[in-house]
Amino acid sequence: MMNILAPIKSGNLWPLYEGEVSAEQLIGNQTLRELQQANAPDGAELYANAWVDPADWQTLLEKGGSVKLVTENDEVLAYTGDSNSAVVTIASAKSRLILHPWDLIYVNEQVVAEIAESHYEGEVSPAAHIEGNLIVGEGTRILPGVFIEGNVIIGKNCKVGPNCYIRGNTTIGDNCHIGQAVEVKNSIIGHGSSVGHLSYVGDSVLGNRVNFGAATVTSNLRHDGLNHRSMSAQELVDTGRRKFGTIVGDNVHTGIHTAIYPGRKLGRGTSTRPNAEVQSDLIEI
């Protein structure tokens, strides 16, 4: 029987992607599609626009026949057999549609949090301090003074440190540089990106080949403590996140001392001047 992750209407994932989620989005040390393939039943057809928790996949298999997995809001996540006659099963709170780029932070939090043990293929300095489970790719160097708290995945051929702080459930891609006095918290940093020094990246997604100039800072908390809202398809959307920084497309460069307001997005290929304040979304030219 074919098990299908149901296609959905296109979401607004700008500036990372137009329309539906790219299956190549970095989550942990894999792509979104690879994660789904690792957890889904054999023969599943995957569209990579939803995250189905492994326990929910197992529920579908155990029930047998035609079963439709939906959220509490009646959004279809997956189904088996004939979806028109399927028995409806409510998914756990861990499964969700991916409609906006900040939903990827939620998936990354789950995946990285489940790392059970550390694995080093690169070099970790004895002067680094590790609290949690850390995966380090081949050719990567973790320099003295680095403090890693919680579960973190770092790809291949990266340079991290000296004297930086990485925490939360963070994913850093291949060929990245996280430098002196940088803090990264609960974020995804794409391949080939650099956060060189004196910067803060919190609850954010950075695309590939992004360069943050010195002292670029993302803000991720409202003064009133309410959920952040962000523009999506010309509508202000509640992200459901009390802490949410920024979404940055590929090939973005920021000038030194750039301050990014919470929930703002920087379009692919955009740049900022020194001392800039990003108060609204930057659209690529």
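Can you tell me how many residues within the stretch 230-267 are touching a Phe, Trp or Tyr at 6+ places or on another chain (Cβ under 9 Å) and closer than 19 Å to Leu206 by Cα?
18
Output yes when any residue across the stretch 114-129 is in contact with a Ser or Thr (Cβ under 6 Å, 6 or more places away or on another chain), crowded, with 16+ Cβ neighbours inside 10 Å and under 30 Å from Gly179 (Cα atoms), and no when none is.
Checked against the condition, which is being in contact with a Ser or Thr (Cβ under 6 Å, 6 or more places away or on another chain), crowded, with 16+ Cβ neighbours inside 10 Å and under 30 Å from Gly179 (Cα atoms), the stretch 114-129 yields at least one hit.
Only residues that are crowded, with 19+ Cβ neighbours inside 10 Å and either over 18 Å from the mean Cα position of the chain (by Cα) or charged (D, E, K, R) (or both): list them for the stretch 244-259, please.
Asp250, Thr254, Thr258
If Ile105 passes every condition in (1) crowded, with 19+ Cβ neighbours inside 10 Å; (2) within 18 Å of the chain's Cα centre (by Cα); (3) farther than 30 Å from Asn175 by Cβ but one, which one does it miss?
Evaluating Ile105 over (1) crowded, with 19+ Cβ neighbours inside 10 Å; (2) within 18 Å of the chain's Cα centre (by Cα); (3) farther than 30 Å from Asn175 by Cβ leaves (3) as the failure.
Specify the residue that is surrounded by the most Cβ atoms within 10 Å (Cβ to Cβ); the eligible residues are those in the stretch 260-283 that are touching a Pro at 6+ places or on another chain (Cβ under 7 Å) and in a loop (DSSP other than H, G, I, E, B).
Arg268
Check the stretch 204-219 and report whether any residue there is out of contact with any Pro (no Cβ under 7 Å at 6 or more places or on another chain) and modelled with pLDDT under 95.
There is no residue in the stretch 204-219 that is out of contact with any Pro (no Cβ under 7 Å at 6 or more places or on another chain) and modelled with pLDDT under 95.
Please enumerate the residues belonging to the stretch 243-259 that are outside any strand (DSSP E or B) and touching an Asp or Glu at 6+ places or on another chain (Cβ under 6 Å).
Phe244, Gly245
When Ile98 is evaluated against the numbered criteria (1) touching a Leu at 6+ places or on another chain (Cβ under 9 Å); (2) closer than 24 Å to Gly202 by Cα; (3) of a type outside the set (S, T, N, Q); (4) modelled with pLDDT under 85, which criterion, by number, is the only one it fails?
The one condition Ile98 does not meet is (4).
The values are calculated or read from the model by the stated rules, or taken from the named source; none is laboratory data. What you are looking at is a predicted structure, and each value in this text was computed from that prediction instead of being measured. All Cβ positions, glycine included, derive from the backbone under ideal geometry; neighbour counts span all protein chains shown.
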